[in-house]
Amino acid sequence: MLNHTPEQILKDVFGYDRFRPGQTDVVDALLADQHTLTVMPTGSGKSLCFQIPALLKGGLTIVVSPLVALMEDQVAALKLAGVAADTINSSRERGDNVTAWKRAADGETRLLYLAPERLMTGRMLEALSQLPVKLIAIDEAHCLSRWGPSFRPDYEALIRLKELFPNVPIVALTATADKSTQEDIVTKLFGGQGQVYVSGFDRPNIRLSVQMRQDAKRQLLDVVEAHKGESGIVYCLSRAKTEKMAAFLSEQGIRALPYHAGMTPDMRRQNQEAFMMESGGVVIVATIAFGMGIDKPDVRFVCHTDMPGSVEAYYQEIGRAGRDGKPSDAHMIYGLDDLRMRRMFIDQEDGDADHKRREHKRLDALISYCEAPECRRRALLSYFDEPLHASDGCGNCDICQDPPDMIDGTEAAQKLLSAIMRTGQMYGQAHLVDILRGANTEKIRAAGHDGLPTYGLGADLDKNTWRSIIRQLVASDHLHLDVGGYGGLSLKEKGQALLNGDRDFSYRKDVIKQTAKKKKASAAKAAPEDLTESQAELLTRLKAKRTELARARRVPPYVIFSDRSLEEITRIQPQDEAAFAEIHGVGAAKLKKFAAIFLAVVASE
């Protein structure tokens, strides 16, 4: 394949007609041997960004992946597409691993998937140094950064790869990295020298909603029942709550399976396989132990029954919904106790004071999202420094669809913004609130801030109200919170306009202290496309055949063909191999393996 173009590989091997936005830039950079960090939304095709260069470069590409199940699924999918891929991991028999290594050493393998622990052993590194390694891909690269949502110490050893393989381009891929995490990855992995491609963070098909906790079981049941017969993930903070919520849903006639680190490996594997292999109706109730690398495209909802640890963690977890681009829901239920628990978790961590300070600021940013006074998607994207292009909101979050009662906070906000400007846009929330309330602190006296015109102007509002106003100004893109620094607040363009009197500001009063109104979850149902009765029947038969083939190969159904491919077959109803070859996701290898099987289903009555 060395003489092929990327576009030819895309079509002939993977069956796709065109690259998605952002993929071409990454492919070109890797073909030019440039170190590259790629930040793309979940489901946008990050894997193709290194798989296609791997086939064009020849030699061996090493893929670092954090989970055995993820490696196995990706290798199975590549093999079905006719790509010489393999994995060496702890779940396989020693003989199978030896055989896989022999194929790689003999030059038969193009992509070799390894966990970081296995890759960074002296023996493996020495053996790989004798092979023509052309590319190294590091998936879930946020695990490498202590600023990311899922730091893994075994990933930190990967910073040696640049010196160990000095002439090999490295690509780091993630869906979850804010500016601080991006900079940390580039510094550690590339020595500061590398290309960074950020394709955006927006997942417009996911409806965002947040509720204060009132009746947690009833609220959860509302969400799950709105997606009856569909796949979903429910996240809980503790193992005990995971078991309790799974049992509760089961009592309601829902197929709910628990997943947490306290279960036996066999039970976890069985529950994960049931979730991955079945096309709908299974709900996994899990701690954050479940989810990284989950590639199931038809997850219709993710529900958090407790507040996550940060915006990045939340974004990563809701990203498991709607990977097929169809409407899906991300719902969070949280309460005051969540805030206390999260603060306690941070304080009990082993990290130094600087790390804990950053984590508290990250939690502040998540609270801002929960308290957002306007479009929740705008608040989420603002955290990642990405604007929402629609000026009137996204139309697909609870706030856009059911705006909350608001209080005019223009004057209060202008007092705050003035205090921020007069103190040099460098101080954090606590000091600014003290200035506005006229506190007599040593810090205020030492800086001379008791002489500011804004000193004491906000004494009419209590500390909690000021904190809430600040969080809402951050969430609505008026203020920038420096998570990577010391939590300093500075004015953004909207904040400057508000200070100048060119716009107004309203806020939600005491959101955290209020009890949310009980409200039925508004489901973003993934309605099938309009099909005739006979077409719907054909689609059912095609899915049954896909499930049969997947079970025989012990792979998830989407590895055979995606729902999109089956729906296209249903609409077009190809009669021969030439027509079948034009279906989305049908490359040369899948044409040979599956065309006759699915054409027979189409032809049957």
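Just a few scattered comments:
- Within the chain, the ratio Rg/Rh, alpha carbon atoms throughout and Rh by Kirkwood, equals 0.99.
- Unit charges on C-beta of K, R, D, E only; dipole of segment 6-198, Debye: 140
- Working from label points 7 Å from Cα in the Cα-to-Cβ sense, the Gln535 to Gln130 distance is 5.8 nm.
- In order along segment 233-242, phi translates into HN-Hα couplings of 10, 10, 9, 10, 6, 10, 5, 4, 5, 4 Hz, rounded to whole numbers, per the Karplus curve 6.51 cos²θ - 1.76 cosθ + 1.60 with θ = phi - 60° and x for Gly and Pro.
- At 1.567 mPa s and 4 °C, Stokes diffusion of segment 206-397 via Kirkwood alpha-carbon radius, µm² per second: 75
- Simple spin-label estimate for Thr121 and Gln348 gives 3.5 nm between the two label positions (7 Å along the Cα-to-Cβ direction from each Cα).
- Evaluating 6.51 cos²θ - 1.76 cosθ + 1.60 at θ = phi - 60° for every residue in segment 345-356, the Karplus couplings come out as 4, 4, 5, 8, 5, 7, x, 6, 4, 5, 5, 5 Hz, glycine and proline recorded as x.
- More than 18 angstrom apart: percent of Cα pairs within segment 533-603: 28
- Rounded to the nearest 20 debye, the dipole size of the chain about its Cα centre is 880 debye, using +1 on the Cβ of Lys and Arg and -1 on the Cβ of Asp and Glu.
- Between the Cα long axis of helix 463-475 and the first principal axis of the chain there is an angle of about 40°, rounded to the nearest 10.
- Extension gain for Gln8-Thr410 works out to 139.0 nm (0.36 nm per residue, less the C-alpha to C-alpha distance).
- Close amide H contacts of Tyr427 (hydrogens built in the peptide plane, cut-off under 5 Å, sequence separation of 5 or more or a different chain): Leu489.
- Cross-link pairs beyond the 19 Å C-alpha cut-off, checked among Lys241/Lys326; Lys463/Lys494; Lys217/Lys326; Lys162/Lys188; Lys296/Lys326: Lys241/Lys326; Lys463/Lys494; Lys217/Lys326
- Selection from Gln348, Ala603, Leu417, by position along the positive dipole direction of the chain (Cβ): Gln348
- Expressed in Å, the radius of gyration and Dmax of the Cα atoms of segment 6-198 are 15.5, 44.
- Gain on full stretching of the segment that runs from Glu577 to Arg564 - 0.36 nm per residue minus C-alpha separation: 2.8 nm
- From phi via Karplus (6.51, -1.76, 1.60), per-residue ³J(HN,Hα) for segment 221-231 in Hz, x at Gly/Pro: 4, 4, 5, 5, 5, 5, 10, 4, x, 10, 7
- Working ranking of peptides 68-74, 96-102 by packing, defined as the average number of other Cβ atoms within 10 Å per residue, highest first, is 68-74, 96-102.
- The stretch between Met267 and Lys592, if pulled fully straight at 0.36 nm per residue, gains 113.4 nm over its current Cα-Cα span.
- With each label modelled as a point 7 angstrom along the Cα→C-beta vector, the Glu251-Arg554 pair spans 3.7 nm.
- In this structure, the amide hydrogen of Leu37, modeled 1.01 Å from its nitrogen in the peptide plane, lies closer than 5 angstrom to those of Ala172, Gln195, Val196, Tyr197, counting only residues at least 5 positions away or on a different chain.
- Residues whose amide H falls under 5 Å from that of Val210, counting only those 5 or more places apart or on a different chain, are Met332, Asp398, with hydrogens built in the peptide plane.
- Packing here is the average count of other Cβ atoms within 10 Å per residue, and on that basis the peptides 418-431, 347-360, highest first, run 418-431, 347-360.
- Simple rule: put +1 on each Lys or Arg Cβ and -1 on each Asp or Glu Cβ in the chain, find the dipole, and look at Pro204, Ala552, Gln51; the Cα lying farthest toward the positive end is Ala552.
Computed from the coordinates by the stated procedures, all read-outs in this text should not be read as laboratory data. In this text, all values refer to a predicted model and were calculated from it rather than measured experimentally. Cβ: placed from backbone, ideal geometry, glycine included. Neighbour counts: every protein chain shown.
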